[in-house]
Amino acid sequence: MMTGHAEREVMWSALAWPATEHLVLHADGDGMRADGMIVALDGRPTRLAYTIDAGPDWTVRRLTLAPYGEPGLVLDRRDDDRWFGGDGAERPDLAGCVDVDIALTPFTNTLPIRRLGLAVGESAEPRIVYVQVDDGLTTQAVDQRYERLDTATYRYSSGDFTADLTVDGDGLVTDYPELWRRLV
């Protein structure tokens, strides 16, 4: 389990389309920073860099997305669960969300897994900022569900989609059936 000052590097490979992700995860007493790069061919070539800053309890504070050659996205979350865009304008459509879910990465599943700290048999339904990357960056608030099945497996549901995710001791996905497998 990442504690104190720690750094991990992981890579995933997509199983349903050509893609890889490299992630450097830094943690210290003030929180964590995820620094990721995704290169994918999901209908079109995509290169997406992102950073996520979160508190020591894994509550997201800031999301920055930078797709190559396209406008980026910055979202800041305040302690009262209000979100603001990079221009400082409030995003009332995202009010109440705590976590973020970027469509092209298995990493963002780690955020609610770590933050919720579910015991085996427990479940929760967090409201999440979902970021779609198909044609530009779009965001919407969605309800998702996480249920801890055993020490290393979580059932994740969003809409009519469900998958049983296998994670390591840090809550990082090792196997996302039919979509992602961790390489390192």
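The values are calculated or read from the model by the stated rules, or taken from the named source; none is laboratory data. Bear in mind the structure is a predicted one, so any value in this text is a computation, not a measurement. With ideal geometry, Cβ positions are generated from the backbone for all residues, glycine too; neighbour counts draw on all protein chains shown.
Taken over the range 154-169, the residue count meeting the criterion of being surrounded by 15 or more Cβ atoms within 10 Å (Cβ to Cβ) and either at pLDDT below 95 or touching a Leu at 6+ places or on another chain (Cβ under 9 Å) (or both) is 3.
Scanning the range 9-19 for residues that are surrounded by 11 or more Cβ atoms within 10 Å (Cβ to Cβ), in contact with an Asp or Glu (Cβ under 7 Å, 6 or more places away or on another chain) and farther than 11 Å from Thr105 by Cα gives Leu15, Trp17.
Of the residues examined, Gly86 is not one that is more than 21 Å from Gly136 (Cβ to Cβ), in contact with a strand residue (DSSP E or B) (Cβ under 6 Å, 6 or more places away or on another chain) and loosely packed, with under 15 Cβ neighbours inside 10 Å.
Looking across the range 20-73, the residues that are in a loop (DSSP other than H, G, I, E, B) and surrounded by fewer than 16 Cβ atoms within 10 Å (Cβ to Cβ) come down to Gly29, Asp30, Gly43, Arg44, Gly55, Pro56, Asp57, Tyr68, Gly69, Glu70, Pro71, Gly72.
Among the residues making up the range 130-184, those that are polar (S, T, N, Q) and either farther than 15 Å from Asp101 by Cα or touching a residue at least 24 places away in the same chain (Cβ under 8 Å) (or both) are Gln132, Thr139, Gln140, Gln144, Thr151, Thr153, Ser158, Thr166, Thr174. All of Asp134, Asp143, Asp101 fail the test of being under 27 Å from Pro18 (Cβ atoms), in a strand (DSSP E or B) and either of a type in the set (D, E, K, R) or at pLDDT below 95 (or both), apart from Asp101. Could you tell me whether Asp81 is of a type outside the set (A, V, I, L, M, F, W, C) and at positive phi? In short, yes. The one condition from (1) part of a loop (DSSP other than H, G, I, E, B); (2) in contact with an Asp or Glu (Cβ under 6 Å, 6 or more places away or on another chain); (3) without any contact (Cβ under 8 Å) to a residue 60 or more places away in the chain that Leu118 does not meet is (2).
Screening the candidates Leu104, Leu94 for the property of being surrounded by 16 or more Cβ atoms within 10 Å (Cβ to Cβ), closer than 14 Å to Tyr50 by Cα, touching a residue at least 12 places away in the same chain (Cβ under 8 Å) and not charged (D, E, K, R) yields one hit, Leu104.
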